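First up is the structure itself, then whatever we jot down about it.
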Amino acid sequence: MESVPLKDARTRLGKIHAAAAHGQPVEITRHGSAPVVVVSKTMYDVMFTDHLRWQAEQFRKALDEGVVPEGTLVIHRDDLDRWRDASPEEWAAGRLDA
């Protein structure tokens, strides 16, 4: 994968775009901070879809084991009823936690 400093990437954006569009990701670095990678929309869509499938599989495995995955917000029916019946003032005051 080609790696380009940000200051050079500004002047080479057309070439970076062409490379990514043809399946060649390009890494852009900036003063030692975390790099970013430019990829085609098609490649991004594939990677994102694969990631969503992986997340769904991890969620399914956890539920099969009787575990609620960490970071999952559990909403109960009485929460829904309370939220549906809440006044605009209650919403504005932020008193409707799950």
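The values are calculated or read from the model by the stated rules, or taken from the named source; none is laboratory data. Bear in mind the structure is a predicted one, so any value in this text is a computation, not a measurement. A quick note on method: Cβ atoms are made from the backbone with ideal geometry, for glycine too, and the neighbour counts reach across all protein chains shown.
The table below gives the values:
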item: Residue in segment 27-43 that is of a type in the set (S, T, N, Q) and in contact with a helix residue (DSSP H, G or I) (Cβ under 6 Å, 6 or more places away or on another chain) present; result: yes
item: Test: residue in segment 18-25 that is modelled with pLDDT of 95 or more and within 30 Å of Gly71 (Cβ to Cβ); result: yes
item: Single unsatisfied condition, Ser40 versus (1) in contact with a Gly (Cβ under 7 Å, 6 or more places away or on another chain); (2) of a type outside the set (A, V, I, L, M); (3) at pLDDT below 95; result: (3)
item: Scope segment 30-41; condition surrounded by 11 or more Cβ atoms within 10 Å (Cβ to Cβ) and not hydrophobic (A, V, I, L, M, F, W, C); matching residues; result: Arg30, Pro35, Ser40
item: Scan of segment 73-82 for residues that are under 27 Å from Ala56 (Cα atoms) and surrounded by 11 or more Cβ atoms within 10 Å (Cβ to Cβ), ordered by number; result: Asp79, Leu80
item: Residue identified as hydroxyl-bearing (Ser, Thr, Tyr) and not in a helix (DSSP H, G or I) among Thr29, Thr49; result: Thr29
item: From the options Gln55, Gln24, residue that is in the same structural domain as Arg10 (by TED's automatic domain parsing), more than 12 Å from Leu6 (Cα to Cα) and surrounded by 10 or more Cβ atoms within 10 Å (Cβ to Cβ); result: Gln24
